[in-house]
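Here's the structure we're looking at; comments come further down.
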C-alpha cells in the first residue's frame, strides 16, 4: 500500500463506548434525510482516515459510527461490523457498493469482496469528487455544483496526489476546473510529518539551487520553533533529492501548502498529530488579526491569483529580513501567517467566481478538512457571497473524510442511474429500428 494513504494514528475509538457497568455498547447507526430520493440503493465503504460507511436508500442515509484510521486492526474490524449492520438495515437488495479510487485501501478491498459476494457492481469514486458530491446530495441534488475540495491527500484521476481541487460536479460526472500549483514531496510520505521538507520544497519551487536552499533553510529564522533545528546534513540531502527529482512525487494538496508555509515561518518543523502545523499557523494568524487590520493585498498579489510563487517570495522576504531575536519577530511571523491566509482565500474565491460565471453556476461547495480553518472559510465565504453566489457546506460542518461515504454512495447511485438510462435508450432505439 502507498504509505501516503494514512499518515496519522487515530486518537480515539468511536465504534464503541462503555456503560456504567463497564460493558461494551455498540453505537447506533445515524439517519440523515436527503431532499430527494437517490435512484439506487448503495452501500459505501468510506475513506482511509476518519472512516465511516453508509447505506443510501431512497431519501435516507444510514451512517455508521466513526471507525478511525483503517491502519489499525480495531478500525478495520469496526468497518466490517458496520458493513454487516448496514446490510441488515437495507429493506431491499443492495444494487452497488461504492469505494475510494485508491486500489490499496482496506475499505476498497471490503467493497470489492462485498460486491462480488452480492453479485453487484463495485464503483470507484475519486476522493474529491466524493467530497463535493456529499454536499450536492445534502443540498443541491438536482443541479450542477462547483466546489473547492481542500484537504491533505487523495488519489487523483491522473494517479497523482490531489488535495486542492475546484471541481464541477453533475450527476455521476465531474470536471477538474482548477487546482493549486503542485509542490514536490521530498521523501514521499514522510514529508507530511516533517514540514521542514515541505519548506524546502517551497523554496525549490522558487528556483533556488541546492546550495541556496541549504543556505536559506539553515538560517536561524527557520529554527525558531519549539523543537531542535534539522541537522545541516539532512537539509543538504533533501536539497539534493529535490535537484535530482529522486523520490519527490508532486501534490496539489492544500494541506501540504499549509505545511510548507508553517515550515517557512518557523512555526512547526515536525508534526506529531494530524494538521498540527496548519492549526498552529491558523492560530498565529488569528492572534495577529485580533490586534491588527487584515493585510491589504496589492495589485501584484491579486494578479498572481493561484500562482503562489509571488506569495511565497513575500513570505520568505519577510522572514529573512527579520532576526529571530528581534523584538518584533513574533509580530512579523503573525503578519506573514495572516498574509498567507488572506491571499490564498482571495485567490481561491476569485477563481471560483470566474468559473461560476463561465459555467453559469450559482452555488459553490466547500468540503475537505482544510475548511475547518475558520479564517480561510470565512474570508472565502464573504467574497463569494458578495459576488452573489450561494455557499454550501456539509451538514454539521463535516468537512473532513468522516462524511465521504455519503458522497461515494451518491455518485455510485447516479452512475447506476446513468447506465440504466443509457441501456433503456439503446433498447428503445433498437426496437424502433426493428419496427
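The values are calculated or read from the model by the stated rules, or taken from the named source; none is laboratory data. Computed from a predicted structure; not experimentally measured. We place every Cβ from the backbone using ideal geometry, glycine too, and count neighbours over all the protein chains shown.
Remarks
- Boolean, residue 37 is outside any strand (DSSP E or B) and surrounded by fewer than 21 Cβ atoms within 10 Å (Cβ to Cβ): yes
- Check on residue 203, crowded, with 21+ Cβ neighbours inside 10 Å and within 18 Å of the chain's Cα centre (by Cα): no
- Among the residues making up the stretch 59-88, those that are assigned to a helix (DSSP H, G or I) and under 24 Å from residue 420 (Cβ atoms) are 86, 87.
- For residue 167: the one exception among (1) crowded, with 24+ Cβ neighbours inside 10 Å; (2) in a helix (DSSP H, G or I); (3) free of Cβ contacts under 8 Å to residues at least 40 places away in the same chain: (2)
- Of the residues making up the stretch 282-309, those that are over 24 Å from residue 207 (Cβ atoms) and surrounded by 12 or more Cβ atoms within 10 Å (Cβ to Cβ) are 282, 283, 284, 285, 286, 287, 288, 289, 292, 294, 295.
- The listed residue being surrounded by fewer than 21 Cβ atoms within 10 Å (Cβ to Cβ), modelled with pLDDT of 95 or more, in contact with a helix residue (DSSP H, G or I) (Cβ under 7 Å, 6 or more places away or on another chain) and outside the structural domain of residue 49 (by TED's automatic domain parsing), out of 177, 94: 177
- Being part of a loop (DSSP other than H, G, I, E, B) and at pLDDT 95 or above is a description that applies to residue 306.
- Residue 40 closer than 27 Å to residue 156 by Cα and at pLDDT below 95: no
- Extreme residue, farthest from the chain's Cα centre (by Cα), among residues of the stretch 46-58 that are closer than 16 Å to residue 410 by Cβ and in a strand (DSSP E or B): 57
- Against the conditions (1) part of a helix (DSSP H, G or I); (2) at pLDDT 95 or above; (3) crowded, with 21+ Cβ neighbours inside 10 Å, residue 315 satisfies every one except (2).
- Members of the stretch 389-426 that are at positive phi and without any contact (Cβ under 8 Å) to a residue 24 or more places away in the chain: 396
- Within the stretch 384-416, tally of residues that are at pLDDT 95 or above, surrounded by fewer than 20 Cβ atoms within 10 Å (Cβ to Cβ) and part of a helix (DSSP H, G or I): 2
- Inspection of the stretch 233-241 finds no residue satisfying the criterion of being more than 16 Å from the chain's Cα centre (by Cα), assigned to a loop (DSSP other than H, G, I, E, B), on the phi < 0 side of the Ramachandran plot and assigned by TED's automatic domain parsing to the domain that holds residue 159.
- The single condition among (1) part of a loop (DSSP other than H, G, I, E, B); (2) without any contact (Cβ under 8 Å) to a residue 40 or more places away in the chain that residue 102 does not satisfy is (2).
- Looking only at the stretch 361-378, and only at residues there that are touching a helix residue (DSSP H, G or I) at 6+ places or on another chain (Cβ under 6 Å) and assigned to a helix (DSSP H, G or I), the one that is surrounded by the most Cβ atoms within 10 Å (Cβ to Cβ): 370
- Only one entry of 358, 381 meets the criterion of being modelled with pLDDT of 95 or more, assigned to a helix (DSSP H, G or I) and farther than 24 Å from residue 280 by Cβ, and that entry is 358.
- Flag: residue 125 matches the condition of being in contact with a helix residue (DSSP H, G or I) (Cβ under 7 Å, 6 or more places away or on another chain), buried (at least 20 other Cβ atoms within 10 Å of the Cβ) and in contact (Cβ under 8 Å) with a residue 40 or more places away in the chain.
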